[in-house]
Structures are given as structure tokens and as C-alpha cells.
Amino acid sequence: MNIAVLFGGISTERNVSLVGGKAVIDALRRKGHNVIPIDPAFGNDIERKAEALLTTDLDKNISKFNTIEELSVFNPRSYIECVNSDLFDDIDCAFIVLHGKYGEDGTIQSLLDLREIKYTGSNPKSSAIAMDKAMSKNIFVANRLLTPHWELLAREDADDDEVLKYIMKLFGKNIVVKPSDQGSTIGLSIIDDGYTDTFANAIKYAGNYSNNILIEKYIEGRELTVAIIDGEALPIVEIITEDGFYDYEHKYIKGKTNYICPDDIPNDIVDFTQSVATAAYNSLGCSCFGRVDFILDAEGQPYLLEVNTIPGFSTSSLVPKAAQEIGLDFDNLCEKLVSIALGNV
């Protein structure tokens, strides 16, 4: 089978995507498929540059995310040139390992739809909605799914003292501040000192990555995630950091975080959390696979945070870890997602 693996891209999560893409390419090649590595950041000149990336040590850069300045050398038009190239003429399926802007927000999905190429993951509409955390939370609430209280601010609100005081009075001093449409916790801050200056700086930091800033009530508890494959919820994985919160550094520097399938959560809470994960996934119209994140508070109440339509996909990522728990190794997981995309399961 001819499978294009789309990886890299021009979002701040480029380094993460490169590592995940290489893992998928290697897995599908081991399964005997003809795999074409494609980095849409290179436009028409894609096969040579993408293949060359595979010979470099991609893991050495994963511990830092790409800055806006670094990404400015790329042109978004390259995505159009890429998908419009003849390299896609004989492709049976595209395996998308692009994260963030243009990869997870429905852009690349729309371009592939125009070429009538099947792909892994959700359709453009669901991808765009899931990428927008505020819009997703509105849908969660409409479906009576519990999510932490939130407000949406703009970048310029950092300079409005009245807005800052109102939000802090509403939320208390423990607040999560993050871009509404970013991944990998890029631009995220957790503030707890009650100072408006700290709050303003957090908004400005998030504003480097989006004009839409999500302000969310901080919920103290255990971080859980539920992978979903073809509508089926997999075993819960718990995320335990050695210190601090699960930020970009803890996600991608080895030894900073432990991942376990907890055995001390009562079965009724496990079943309920998995059912909420499935309901959230379905409420956004997602398909093929995804990952749903939660905070479980001290009373055993899971708070729904977000749905990821293209979660991290290296061999050590959360979805492959959950799949391993049901006996589905990484190579077979990759092949299974292609089969789902093609409608063969």
C-alpha cells in the first residue's frame, strides 16, 4: 500500500511532529508498506528534504518547541503546493502526524479532501472545533459534560486592570492561562499568587501564540488521559510529573514524567471517565482516533479538559502506551489506523 506520512509542518510543535512522523514511517515500513515521507513545510521540494530528515537525530531537538521567529522562514502556501504536487497521485492513504496550526486545525484535512485522499484522524470541521478549546468547551457544556469554568480574553486585555481584577475575583488566585488554539501546553501558565501583574504577564505570554486567551479555573488533582480508537475508549493513563505541572518540558524531556495505568481508581470512576471521554469525542464529531484529557479531583470527579484529534505519536506517546495495554503494539497500531481511515475495519 502507498502511504504518505505527513510530518514536520510549520507549527510550534514541528520538532514533536518530526519525531512522531519518523516513528510512524519506520513502523509502516516494517509492516511492508511503501511509505512516502512528506514535510509540507517544503512545498514542492518535499520528497528529497523529508527523506533527508530521517537520517538526522530528530530526538535532540524535541525538548524545545519551535519559536515564531524560527518558523517565519516557512510560507503557509507551501501546504497548497505540497498537496497539489504529483507525489500524491498514487497515494492510498495519508497518515497525518502534523500538530498545531495547519496540521491539527482542519487545514491539511481540507486540502486532502479536495484531492479525495483518505487520511487518518478527524474531518476538517471536527479538527477545527477540537483545536479551539473555548468552542469545544461550549459544546461540552451543551452536552452536560463537566469542564472547568472558563472565560475567553483577548491579548489586549492584559492591559485592562478592571478586566484583570474582575477575572481574579471570579476565579480566585489559582488560574490556568493558555492560548485557546495551541497544543503541547505551549504558552500555558498556572498562576497562584493573586497579583494582577502576574496575571497580565501570563496573558501576554499566551498572547504570543494566539489572540484568543483561555482563562480556566485551576482544578487540583490527578492528570488522566483516555485514548480512543475507532470509538472505543482504551485504558486510562495517569500522568505523574516529578515536580511542577505537565508543561512542554515535562512532556518531552525523558525522566521528567512517569506514565502509568493506575490500579487505585475505583472501577465505577474508571468506567464513568471513559464514558465521558467517548461522549466528548463524539460531541465534536471526531473519528478514527484521538485522546481526551482530564483532571480527577480529590472527590473522584473527572473534569474534562480537551480533546486532541492528532495527539503525540512517537513510540513513547500516550495513545501508543494505552494501546499497548490492550495488546496492540506500535507497528500494528499504525497499520490499524490506516485501515480505519480506509474503512477496512
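At-a-glance table
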quantity: Residue match in the stretch 164-179 (condition: buried (at least 22 other Cβ atoms within 10 Å of the Cβ) and among the polar types (S, T, N, Q)); calculated: no
quantity: Condition broken by Gly187, with the remaining ones in (1) closer than 24 Å to Ile310 by Cβ; (2) at pLDDT 90 or above satisfied; calculated: (2)
quantity: Residue list for the stretch 119-140, filter: touching a helix residue (DSSP H, G or I) at 6+ places or on another chain (Cβ under 8 Å) and small (Gly, Ala, Ser); calculated: Gly121, Ser122, Ser127, Ala130, Ser136
quantity: Cross-chain or 6+ apart pairs with Cβ under 6 Å, the stretch 80-96 first and within 19 Å of Lys22 (Cα to Cα), then open to solvent by 10 Å² or more (accessible area, probe 1.4 Å) and of a type in the set (Ser, Thr, Tyr); calculated: Ala94/Tyr119; Ile96/Tyr119
quantity: Qualifying residue in the stretch 148-160 (condition: under 29 Å from Ser275 (Cα atoms), open to solvent by less than 30 Å² (accessible area, probe 1.4 Å) and at pLDDT 95 or above); calculated: yes
quantity: Per-region count, the stretch 307-336, residues outside any loop (DSSP other than H, G, I, E, B), closer than 22 Å to Asn123 by Cα and out of contact with any strand residue (DSSP E or B) (no Cβ under 6 Å at 6 or more places or on another chain); calculated: 5
quantity: Candidate set from the stretch 64-88 (those that are open to solvent by 90 Å² or more (accessible area, probe 1.4 Å) and not in a helix (DSSP H, G or I)); member that is modelled with the lowest pLDDT; calculated: Lys64
quantity: Close pairs from the stretch 23-34: first open to solvent by 10 Å² or more (accessible area, probe 1.4 Å), partner assigned to a helix (DSSP H, G or I) and at pLDDT below 95, Cβ under 8 Å, at least 6 apart; calculated: none
quantity: Residues located in the stretch 197-212, provided they are open to solvent by 40 Å² or more (accessible area, probe 1.4 Å) and either among the aliphatic types (A, V, I, L, M) or without any contact (Cβ under 8 Å) to a residue 40 or more places away in the chain (or both); calculated: Asp197, Thr198, Tyr205
quantity: Search result, residues across the stretch 102-142 that are polar (S, T, N, Q) and open to solvent by less than 10 Å² (accessible area, probe 1.4 Å); calculated: Gln109, Thr120, Ser122, Ser126, Ser127, Ser136
quantity: Verdict on Tyr303 being modelled with pLDDT under 95, among the hydroxyl-bearing types (Ser, Thr, Tyr) and assigned to a strand (DSSP E or B); calculated: no
quantity: Verdict on Ile239 being assigned to a strand (DSSP E or B) and either surrounded by fewer than 17 Cβ atoms within 10 Å (Cβ to Cβ) or at pLDDT below 95 (or both); calculated: yes
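So that you can scan it fast, the table gives a plain yes or no per residue for (1) under 17 Å from the mean Cα position of the chain (by Cα); (2) at pLDDT below 95:
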| position | (1), (2) |
| --- | --- |
| Ala4 | no, no |
| Gly9 | yes, yes |
| Lys31 | no, no |
| Asn34 | no, no |
| Pro40 | no, yes |
| Asp45 | no, yes |
| Arg48 | no, yes |
| Asp57 | no, yes |
| Ile62 | yes, yes |
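The values are calculated or read from the model by the stated rules, or taken from the named source; none is laboratory data. This structure is a prediction, so every number in the text was calculated from the model and none was measured. Note: ideal-geometry Cβ built from the backbone for every residue, glycine included; neighbour counts use all protein chains shown. Note: areas computed on protein heavy atoms with side chains; ligands, DNA, RNA excluded. Shrake-Rupley method; radii C 1.70, N 1.55, O 1.52, S 1.80 Å.
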